[in-house]
Amino acid sequence: MNKTTRRILIVGGVAGGASCAARARRLCEKCEIVIFDRGPHVSFANCGLPYFVGEVIQQEEKLLVASPALFSDRFNIGVHTETEVLSIDRDNKSILVRDLNSGEERTEHYDALVLSPGARAIRPPLPGIDLPGIHVLRNIPDSQRIRAALKHAKRAVIVGGGFIGLEMAENLSGLGLNLTLIEKTAQVMPPLDPEMTVPIADRLIAEGVDLRLGVGVTAFAEMPQGGLTVTLDNGDSVETDIVILAIGVQPETSLAVAAGIELGERGGIKVDASMRTNDRAIWAVGDAVEVNDLITGVSQPIPLAGPANRQGRIAATSIIGGHPELQFRGVQATAICGVFGLTVASTGASEKSLIRCGNLAYEKVYLHPGSHVSYFPGATPIHIKLLFSSDDGRILGAQALGENGVARRIDVLSMAIQMGATVYDLEESELCYAPQFGAAKDPVNFAGMIAANHLRGDLPLAHWEDIADTQAKIIDVRSPAEYERRHLPGALNIPLESIRQRLSDIPSDQEVWLICEVGQRAYYATRLLMQNGYKVRVLSGGMKSWDFISRSAL
Ligand SMILES: Cc1cc2nc3c(=O)[nH]c(=O)nc-3n(C[C@H](O)[C@H](O)[C@H](O)COP(=O)(O)OP(=O)(O)OC[C@H]3O[C@@H](n4cnc5c(N)ncnc54)[C@H](O)[C@@H]3O)c2cc1C
């Protein structure tokens, strides 16, 4: 442990800042550690705010993870709330701070400075954007304002279908409001690939949300009788009592920029793996920084609580010294969201980010296994998309949604990605199993088996995006009743059970693409046909995936 007395000042006392302060104290008893936050609270649970608005969390105190008194008594850390850091004087290693209650300004010297100022909600310069009925949700005062406004509200418009927009939809719906959700892109939940978001849109609509996809807001205006009109770029307008603006955040970098601290290409503060900026005495963490994506290598801001907390810990370690091996490995953007009973989670790269990046050869599989064995009550499907390297099987990303068991599978896959695991490792993963929890072949095993079978050549995959142009014969191996309900145009129905008797109906001089409901029967048929000399591919995920793909913006 380093024994020198050092003054560590921290700007922002929530996820990254508070974590950094507490870790610094654990490593250095002699250091002086002081947090400044312009808000009235430190260490509050911003992730709980949508549920406080929705009255799922009833008491505001529950959101306060640690108070200034606790920081002082337990950790001997000074906390100055409602104190804004105005500027950084790098030459003199000092910051200028203002007490927001008294207006007094003073200079504070540092040996090490940590910036954890978070991100700010994007508020585009639209007419009426500053009207009182338009709210963002970043902190406890925001949530208090929204709760007060909701007392007189019956209708709400949510602008933005990302994590916070969706969580707010669930919570405002729970309070009985009529909801309109407006999303400029053609899908909700932008980190996911479009086809994987179709069940989310279905669920929103089923819960009575008026979902407007592919539509932007152009203006807000007050109505004479009270309430607001939201004008859309398709000419429509929506009347509402309250607007929640949840269209994303941008790194809070004003202090850093004014002090000449280097930014990255995507506008976040540039840091090394120790979370150190280009100034040797200044570290930065959390939503304000850019970090490398573990898969694509692209440097970008990732506004998530987990990385902010881990980065705070790493920055503190770097400041105090002693564990040079503690370095930030990069982010996987592992995230999860609950929407009206549906769990949506993802980790690693999406297909669209791999396409954008363009330097990784990838393959994908879709599957729809049960959350646990079908014979035990309560099993529900998990829709999974797994992306992996077509060169060596390394797992690149995964997306999943369903009613149950989603978080566990994505967490396993997240760890697998971080360890550089391949689909062959997933085949062999030994995961806990009893009937109510999973299956002896867990969905994670299945994902690995399907992908590995493909790479080994035992289960060649066809791509959905090629279906319109393919010359292949499409054979549907489901039952006639299933085929009658819906099938791909031009598909020939030969049920799996009669394939052996009907081999002569299957063309041997052209490629055959097989489809069933979720992929399993098509796999059995593939093995049978391949051993009879046919050239076969499978449409991964079957008609279930086709349903999502054909209804998405792909
Ligand atoms: C409503 C909501 C729900 C969320 N849900 C989730 C979730 O479920 N899962 C998840 O992973 N992430 C979630 N997040 C994101 C997560 O909260 C952030 O990624 C995380 O808090 C970032 O930590 P940070 O330390 O960088 O910034 P913050 O926690 O935002 O803290 C920044 C602090 O710095 C202060 N500050 C800024 N500038 C100054 C200045 N000049 N002087 C003094 N103080 C300053 C601010 O007042 C603020 O208190 C959610 C965020 C919100 C808003």
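The values are calculated or read from the model by the stated rules, or taken from the named source; none is laboratory data. Note that the structure is predicted; figures quoted are calculated from it, not measured. As a convention, Cβ positions derive from the backbone with ideal geometry for all residues, glycine included, and neighbour counts pool all protein chains shown.
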Note to self: If I filter the stretch 207-228 for residues that are free of Cβ contacts under 8 Å to residues at least 12 places away in the same chain, part of a strand (DSSP E or B), β-branched (Val, Ile, Thr) and under 24 Å from residue 150 (Cβ atoms), do I get at least one hit?
What the structure shows: no
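If you go through the stretch 15-30, how many residues are buried (at least 24 other Cβ atoms within 10 Å of the Cβ) and either in contact with a Cys (Cβ under 7 Å, 6 or more places away or on another chain) or hydrophobic (A, V, I, L, M, F, W, C) (or both)?
Narrowing the stretch 15-30 to residues buried (at least 24 other Cβ atoms within 10 Å of the Cβ): 15-21, 24.
If we keep only those that are either in contact with a Cys (Cβ under 7 Å, 6 or more places away or on another chain) or hydrophobic (A, V, I, L, M, F, W, C) (or both) too, we end up with 15, 18, 20-21, 24.
Total meeting the criteria: 5.
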Next item on the list: Please work out if residue 18 is within 27 Å of the chain's Cα centre (by Cα), among the hydrophobic types (A, V, I, L, M, F, W, C) and under 17 Å from residue 287 (Cα atoms).
Entry: yes
Notebook entry, point to check: Within the stretch 271-340, which strands (runs of 3 or more DSSP E) (wholly inside it) include 1 or more residues that are touching a Pro at 6+ places or on another chain (Cβ under 7 Å) and either at pLDDT 95 or above or among the β-branched types (Val, Ile, Thr) (or both)?
Noted result: 289-292, 335-339
Notebook entry, point to check: Does at least one position in the stretch 216-237 carry a residue that is at pLDDT below 95, closer than 30 Å to residue 540 by Cβ and surrounded by fewer than 21 Cβ atoms within 10 Å (Cβ to Cβ)?
Noted result: no
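Among the candidates 41, 80, 109, single out the residue that is buried (at least 17 other Cβ atoms within 10 Å of the Cβ), out of contact with any Pro (no Cβ under 6 Å at 6 or more places or on another chain) and farther than 23 Å from residue 146 by Cα.
Working: 41 fails: farther than 23 Å from residue 146 by Cα; 109 fails: buried (at least 17 other Cβ atoms within 10 Å of the Cβ).
One residue alone meets the criteria, 80.
Of the residues that make up the stretch 336-357, is at least one within 27 Å of residue 11 (Cβ to Cβ), surrounded by 19 or more Cβ atoms within 10 Å (Cβ to Cβ) and under 15 Å from the mean Cα position of the chain (by Cα)?
Start the filter on the stretch 336-357 by keeping residues that are within 27 Å of residue 11 (Cβ to Cβ), which leaves none.
No, that holds for no residue.
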Check: Which ones in the stretch 505-516 are within 13 Å of residue 533 (Cβ to Cβ) and part of a helix (DSSP H, G or I)?
Finding: none
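Take the stretch 369-397 and flag every residue that is closer than 15 Å to residue 445 by Cβ and either among the β-branched types (Val, Ile, Thr) or not in a strand (DSSP E or B) (or both).
Of all residues in the stretch 369-397, those closer than 15 Å to residue 445 by Cβ come to 369-373, 382, 384, 386, 388, 393, 395.
Those that are closer than 15 Å to residue 445 by Cβ and either among the β-branched types (Val, Ile, Thr) or not in a strand (DSSP E or B) (or both): 369, 371, 372, 373, 382, 384, 393, 395.
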Next item on the list: Could you run through the stretch 155-187 and say how many residues are under 18 Å from the mean Cα position of the chain (by Cα), hydrophobic (A, V, I, L, M, F, W, C) and not in a loop (DSSP other than H, G, I, E, B)?
Entry: 6
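Has the stretch 493-507 got at least one residue that is over 32 Å from the mean Cα position of the chain (by Cα) and of a type in the set (Asp, Glu)? Write out each step before concluding.
Taking the stretch 493-507 as the starting set, the residues that turn out to be over 32 Å from the mean Cα position of the chain (by Cα) are 493-507.
Then keep just the ones that are of a type in the set (Asp, Glu); that gives 497, 505.
Yes - at least one qualifying residue is present in the stretch 493-507.
Filter the stretch 146-160 down to residues that are away from the ligand (no atom under 13 Å from the Cβ) and not charged (D, E, K, R) and give me whichever is surrounded by the most Cβ atoms within 10 Å (Cβ to Cβ).
The selected residue is 157.
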Margin query: Residues to consider are 523, 534; find the one that is modelled with pLDDT of 95 or more and outside any helix (DSSP H, G or I).
Written below: 534
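Is at least one residue of the stretch 471-478 in contact (Cβ under 8 Å) with a residue 40 or more places away in the chain, surrounded by fewer than 13 Cβ atoms within 10 Å (Cβ to Cβ) and polar (S, T, N, Q)?
yes
Looking at the structure I just gave you, is residue 379 surrounded by fewer than 15 Cβ atoms within 10 Å (Cβ to Cβ) and of a type outside the set (D, E, K, R)?
Details: surrounded by fewer than 15 Cβ atoms within 10 Å (Cβ to Cβ): no; of a type outside the set (D, E, K, R): yes.
So residue 379 fails the test.
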Check: Does residue 456 qualify as being within 26 Å of residue 198 (Cα to Cα), basic (Lys, Arg) and at pLDDT 95 or above?
Finding: no
Next item on the list: Evaluate the stretch 158-175: report whether one residue or more is touching a strand residue (DSSP E or B) at 6+ places or on another chain (Cβ under 9 Å) and farther than 21 Å from residue 56 by Cβ.
Entry: yes
Next item on the list: Please verify whether the stretch 244-257 includes one or more residues that are part of a strand (DSSP E or B) and surrounded by fewer than 22 Cβ atoms within 10 Å (Cβ to Cβ).
Entry: yes
Check: Among (1) within 10 Å of the ligand (Cβ to nearest atom); (2) of a type outside the set (S, T, N, Q); (3) part of a helix (DSSP H, G or I), which single condition is residue 21 missing?
Finding: (1)
Item checked: The one condition in (1) in a loop (DSSP other than H, G, I, E, B); (2) at pLDDT 95 or above that residue 152 fails to fulfil -> (2)
Item checked: Breaking point among (1) assigned to a strand (DSSP E or B); (2) touching a His at 6+ places or on another chain (Cβ under 6 Å), for residue 400 -> (2)
Margin query: Name the residue that is surrounded by the fewest Cβ atoms within 10 Å (Cβ to Cβ), counting only residues in the stretch 269-306 that are acidic (Asp, Glu) and more than 15 Å from the ligand (Cβ to nearest atom).
Written below: 272
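Given the criterion buried (at least 24 other Cβ atoms within 10 Å of the Cβ), in a strand (DSSP E or B), at pLDDT 95 or above and more than 13 Å from the ligand (Cβ to nearest atom), identify the matching residue among 33, 10. Talk me through it step by step, then tell me what you get.
Values: 10 fails: more than 13 Å from the ligand (Cβ to nearest atom).
None of the others qualify; the one that does is 33.
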